[in-house]
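The next block holds one structure in the form of structure tokens; read it before the comments.
The values are calculated or read from the model by the stated rules, or taken from the named source; none is laboratory data. Worth saying up front: this structure is predicted, and the values here are computed from it rather than measured. Note that we place each Cβ from the backbone using ideal geometry, even for glycine, and neighbour counts take in every protein chain shown. Ligands, DNA and RNA are excluded from the accessible area calculation, which covers all protein heavy atoms including side chains. Shrake-Rupley method; radii C 1.70, N 1.55, O 1.52, S 1.80 Å.
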Amino acid sequence: MEKKVDTNEINKLFHEAVMCFNRPDAERAYKIFQKVIEKDPKFIIDEGGFTANNPYYYMGRYHDYYFDDFETAIEYYTKSVELCPNDLESYELRGFCWLQAKKYDLALEDFRKVTKINGSISGGTEIHPDLDGIIIELENRLGGGKPNKEYDELFNSGI
């Protein structure tokens, strides 16, 4: 017999983990997000917006920012966008992980998804203020154009 998921308990755990993440109490939050995923792998708070509200997004952030483990971060961001197909932040952050991995075609694909979902980026996003310029530079470099040196640091080190 399959155990019933207690959504109230999972919701409380998720919010506790987010509070720890914002403090930051990284170790505690990480463990709680793992517990949320274990209890309900499809947990999401769907508010109809463009931001992920699921544990995979936060796990991706940990692997990306704290552990410099971009491959694992990509896996978590991928799961996040599977659950939240309009999640601008997970697409954008996964795009920067692809940049770190030198997989420019995949980075460009994710950045284009951000612009498609958001309509127009003009002025950038919360994560990176020059996403339009990055997209143009990716198209240029993938098309064999001469790299713009202003973007060298970004392409060599990520965000």
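Tell me which of these residue 105 doesn't satisfy, since it passes every other one: (1) closer than 23 Å to residue 73 by Cα; (2) surrounded by 15 or more Cβ atoms within 10 Å (Cβ to Cβ); (3) modelled with pLDDT of 90 or more.
So residue 105 meets the others, but not (2).
Taking only the stretch 83-97 into account, find how many residues are open to solvent by 30 Å² or more (accessible area, probe 1.4 Å) and modelled with pLDDT of 95 or more.
Result for the stretch 83-97: 0.
Would you mind finding the one in 64, 69 that is among the acidic types (Asp, Glu), closer than 27 Å to residue 156 by Cβ, open to solvent by less than 80 Å² (accessible area, probe 1.4 Å) and touching a His at 6+ places or on another chain (Cβ under 9 Å)?
Testing whether each residue is among the acidic types (Asp, Glu), closer than 27 Å to residue 156 by Cβ, open to solvent by less than 80 Å² (accessible area, probe 1.4 Å) and touching a His at 6+ places or on another chain (Cβ under 9 Å) leaves just 69.
I need every pair where a residue in the stretch 66-87 that is aromatic (Phe, Trp, Tyr) has its Cβ under 9 Å from the Cβ of a residue that is outside any helix (DSSP H, G or I) and surrounded by fewer than 19 Cβ atoms within 10 Å (Cβ to Cβ), sequence separation at least 6 or different chains.
Every condition considered, the pairs that remain are 70/101; 70/158.
For the stretch 11-61: of the residues being of a type outside the set (A, V, I, L, M), modelled with pLDDT under 90 and touching a helix residue (DSSP H, G or I) at 6+ places or on another chain (Cβ under 6 Å), which is surrounded by the fewest Cβ atoms within 10 Å (Cβ to Cβ)?
51
Of everything in the stretch 46-94, what is of a type outside the set (Gly, Ala, Ser), within 9 Å of the chain's Cα centre (by Cα) and not in a helix (DSSP H, G or I)? Give them in sequence order.
87
Note down all Cβ pairs under 7 Å where the first residue falls in the stretch 100-126 and is over 17 Å from residue 142 (Cβ atoms), the second is at pLDDT below 90 and open to solvent by 70 Å² or more (accessible area, probe 1.4 Å), and they're at least six residues apart or on different chains.
Close Cβ pairs (under 7 Å, with a partner that is at pLDDT below 90 and open to solvent by 70 Å² or more (accessible area, probe 1.4 Å)) amount to 117/50; 117/86; 118/50.
Looking only at the stretch 1-10, count every residue that is assigned to a loop (DSSP other than H, G, I, E, B) and open to solvent by less than 80 Å² (accessible area, probe 1.4 Å) and tell me the total.
Residues meeting the conditions: 2.
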